[in-house]
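Asks: First the structure, then my questions, so here it is.
The values are calculated or read from the model by the stated rules, or taken from the named source; none is laboratory data. For clarity, every value in this text was computed on a predicted model and none was experimentally measured. Ideal geometry is used to build each Cβ from the backbone, glycine not excepted, and the neighbour counts take in all protein chains shown. Accessible surface areas use protein heavy atoms only, side chains included; no ligands, DNA or RNA. Shrake-Rupley method; radii C 1.70, N 1.55, O 1.52, S 1.80 Å.
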Amino acid sequence: MKVRATVICEHNGHILFVRKARSKWALPGGKVEHDERPAGAAARELEEETGLNVDGLLYLQELKADNTVHHVFEASVVNIDEARPRSEITECQWLPYSTLEQLDTTQATRRIVRSFLRRL
């Protein structure tokens with residue numbers, strides 16, 4: 001089973017989504033390496049994919065979907081206006097909550113975002 005750190009960045013009614021070339025929209029995040037904790041992977045992946053630097057992380061949930069365990073964090077970042085696609089990410093956009101149902105994304109991403117929005 002794969003283990004992934006997934007990050008939700010929320011700002012003014014928008015959530016940050018990223019996309020690789022010819023892929024669905026996703027939340028920032030990635031594989032938790034053998035020698036790191038999920039929180040460390042969340043901060044590392046967010047910075048690698050978007051250039052955002054974590055000020056704080058709040059653990060939200062563990063979600064099992066298909067062959068992946070997602071450790072989901074909400075991130076507080078210091079440079080919120082500087083989100084840019086980096087590394088293998090080709091697009092990075094702040095999208096309004098209301099666009100989730102029309103967004104080309106996975107069921108796991110939908111479940112994570114819906115769960116997050118229920119908290120608000």
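Asks: Between Gln93 and Arg111, what length in nm is gained on full extension when 0.36 nm per residue of separation is reduced by their alpha carbon distance?
Replies: Values: separation 18, 0.36 × 18 = 6.48 nm, distance 1.92 nm.
Length difference between fully extended and current span is 4.6 nm.
Asks: Tell me the carbon and sulfur percent of the accessible area for the range 2-118, rounded to whole percent, probe radius 1.4 Å.
Replies: On the way: 2880 of 6260 Å².
Within the range 2-118, the accessible surface is 46 percent carbon and sulfur.
Asks: Given the -39500 (n - 2.57) contribution per DSSP H run of 4+ residues, what per-residue ellipticity at 222 nm results for the chain, rounded to the nearest 500 deg cm²/dmol? Please list the in-between numbers first.
Replies: On the way: 2 runs with 26 residues, N = 120.
Theoretical 222 nm ellipticity from helices: -7000 deg cm²/dmol.
Asks: Let me ask something else about it. So for Ser87, Ser115, what's the accessible-area order with a 1.4 Å probe, most first? Please list the in-between numbers first.
Replies: Numbers: Ser87 90, Ser115 30 Å².
Order by accessible area, largest first: Ser87, Ser115.
Asks: Something else about it: Only sites in a loop by DSSP and with at most 15 other Cβ atoms within 10 Å count here; which GluC sites (Glu not before Pro) in the range 60-120 make the cut? Kindly include the intermediate steps, with their values, before the conclusion.
Replies: Numbers: sites: Glu62, Glu74, Glu82, Glu88, Glu91, Glu101; in loops: Glu88.
Hits after loop and neighbour filter: Glu88.
Asks: Still on this structure: Obtain the nm distance between the two label points defined at Ser23 and Glu101 by a simple spin-label model: each point lies 7 Å from its Cα along the Cα-to-C-beta direction.
Replies: Each label point lies 7 Å from its Cα, and together they span 2.7 nm.
Asks: Hey, what's the per residue convex hull volume over the C-alpha atoms of the chain, in cubic angstrom?
Replies: On the way: hull volume 11.9 nm³, N = 120.
Per-residue hull volume (Cα only) is 99 Å³.
Asks: Ok, one more. Would you mind calculating the relative contact order of the range 2-118 from Cα pairs under 8 angstrom and at least 6 residues apart, reporting the percent as a whole number? If you can, show how the numbers build up before the last one.
Replies: Values: 231 pairs, mean separation 38.5, N = 117.
Relative contact order, the range 2-118: 33 percent.
Asks: Counting other Cβ atoms within 10 Å of each Cβ, which trypsin sites (Lys or Arg not before Pro) in the range 1-84 have at most 14 and sit in a DSSP loop?
Replies: Details: sites: Lys2, Arg4, Arg19, Lys20, Arg22, Lys24, Lys31, Arg44, Lys64; in loops: Arg22, Lys24.
Here the trypsin sites (Lys or Arg not before Pro) that fit, given the DSSP loop and packing criteria, are Arg22, Lys24.
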